1. Sort through 44, 36 and tell me the only one that's in contact (Cβ under 8 Å) with a residue 40 or more places away in the chain and aliphatic (A, V, I, L, M).
2. Right, residue 61: within 21 Å of the chain's Cα centre (by Cα) and either in the same structural domain as residue 142 (by TED's automatic domain parsing) or crowded, with 18+ Cβ neighbours inside 10 Å (or both) or not?
3. Does residue 91 count as more than 17 Å from the chain's Cα centre (by Cα), touching a residue at least 60 places away in the same chain (Cβ under 8 Å) and under 19 Å from residue 29 (Cβ atoms)?
4. Among (1) in a helix (DSSP H, G or I); (2) surrounded by 12 or more Cβ atoms within 10 Å (Cβ to Cβ), where does residue 215 come up short?
5. Taking the condition out of contact with any Pro (no Cβ under 6 Å at 6 or more places or on another chain) and without any contact (Cβ under 8 Å) to a residue 40 or more places away in the chain, does residue 122 pass?
6. Taking only pairs six or more apart or across chains, which ones have beta-carbon atoms under 6 Å, a first residue in segment 98-118 that is in contact (Cβ under 8 Å) with a residue 60 or more places away in the chain, and a second residue that is not in a helix (DSSP H, G or I)?
7. Can you find, within segment 53-75, the residue that is farthest from residue 152 (Cα to Cα) among those that are among the aliphatic types (A, V, I, L, M) and modelled with pLDDT under 90?
8. Answer yes or no as to whether residue 108 is touching a Lys or Arg at 6+ places or on another chain (Cβ under 8 Å) and either modelled with pLDDT of 90 or more or crowded, with 24+ Cβ neighbours inside 10 Å (or both).
Amino acid sequence: MYFGGIDNAVGQAIAILDLIGVFLNAIIGGTVARRMKFDAVGFMLIAIISGMAGGMMRDALIGNTPVAALVDPWYISIAVLGAAVAFFANLHGYFWELARFHGDMIILGVWCTTGTVTAIGAGVAWPGCILMGVLTATGGMVIREVLIGRIPRILNDQQMYVVPAIAGSITAMVLYNAGYPTAAIAAAPFVAFILGTAAYWAGWYVPVTMDNAPMNTWARYALGRMAKLEPAAFRRWRHTKSSHPTEDPLADDGMMPTKGEVRHALRGGVSPLRGPGPELKPATPDEFLGALYRVYVHPDGDDSEDGWARRREP
């Protein structure tokens, strides 16, 4: 059992780590199923999806069918074994989360590498190879969270999952195309693991949407210079039309706030999860509800009891 036809210890190690990744992600899927109070069938399905969905989607997209997860009996067998472990063992706590994260980063590096190299072998263009690496590494998590009714974490949690996968995929693609396949599958997982782990302990996050968009500011400045050339009748018509969407009482951003936005709205009242710095007092339930009010309703609103009373007055 070797990966990518590389008949040496590196190819053997990547193939074994690939199966270990299926087992670990099946366990992670099982812990999610436990929190959602699923039955044994739910445990098994969520575990299989967590461990194999990314690779299955990759193979289906590049035409590598039947997909590897269905051809090799080890994949489904190990995924079911991981589901059984999560079903009979309640894994939780700080040490489990620490081990889970670092194991997840190792497997993320392995899977972004296998996804990229598999796409290269199928003749996919270089942007598609990077995409297939990211899809292989994160696809199982995305499908799992969609099935349980959550917005996938890679979209709004600001965690470093996709960025390390991209870095690992680029490393694998460059070295493999340069004629060093063994170096590619050895170095790429290491690059992704180092970047993801460094981001975790250093507190690096993916940036969110900027409140003040620079391009809008530059456009307003440039168009302001040309405003004198606009006919008054056309300006009045344009302002009338542009005000309609904001007057719709049902208009909404349609997005849930991120954890970072809620923490920011707490005004420093929550203790940090990791990293240096003084200990802060944890937020109380009332402070948390006030933060939700500021995020959802009014950014500068008064969420005190007096403020609520004033808003109820006729």
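The values are calculated or read from the model by the stated rules, or taken from the named source; none is laboratory data. A quick note: this is a predicted structure, and the numbers were derived from the prediction, not measured. So basically every Cβ, Gly included, is an ideal-geometry build from the backbone, and we count neighbours across all protein chains shown.
1. 36
2. Working: within 21 Å of the chain's Cα centre (by Cα): yes; either in the same structural domain as residue 142 (by TED's automatic domain parsing) or crowded, with 18+ Cβ neighbours inside 10 Å (or both): yes.
The answer is yes for residue 61.
3. Here the answer is yes, as residue 91 does meet what is asked.
4. All conditions pass for residue 215, except number (2).
5. Details: out of contact with any Pro (no Cβ under 6 Å at 6 or more places or on another chain): yes; without any contact (Cβ under 8 Å) to a residue 40 or more places away in the chain: no.
Considered against the rule, which asks whether it is out of contact with any Pro (no Cβ under 6 Å at 6 or more places or on another chain) and without any contact (Cβ under 8 Å) to a residue 40 or more places away in the chain, residue 122 comes out as no.
6. Between residues of segment 98-118 that are in contact (Cβ under 8 Å) with a residue 60 or more places away in the chain and residues that are not in a helix (DSSP H, G or I), the close pairs are 117/4.
7. Going through segment 53-75, the residues among the aliphatic types (A, V, I, L, M) turn out to be 53, 56-57, 60-62, 67-71.
Subset that is modelled with pLDDT under 90: 67-71.
On the way: 67: 24, 68: 25, 69: 23, 70: 25, 71: 28 Å.
So, considering only residues that are among the aliphatic types (A, V, I, L, M) and modelled with pLDDT under 90, the one farthest from residue 152 (Cα to Cα) is 71.
8. In short, no.
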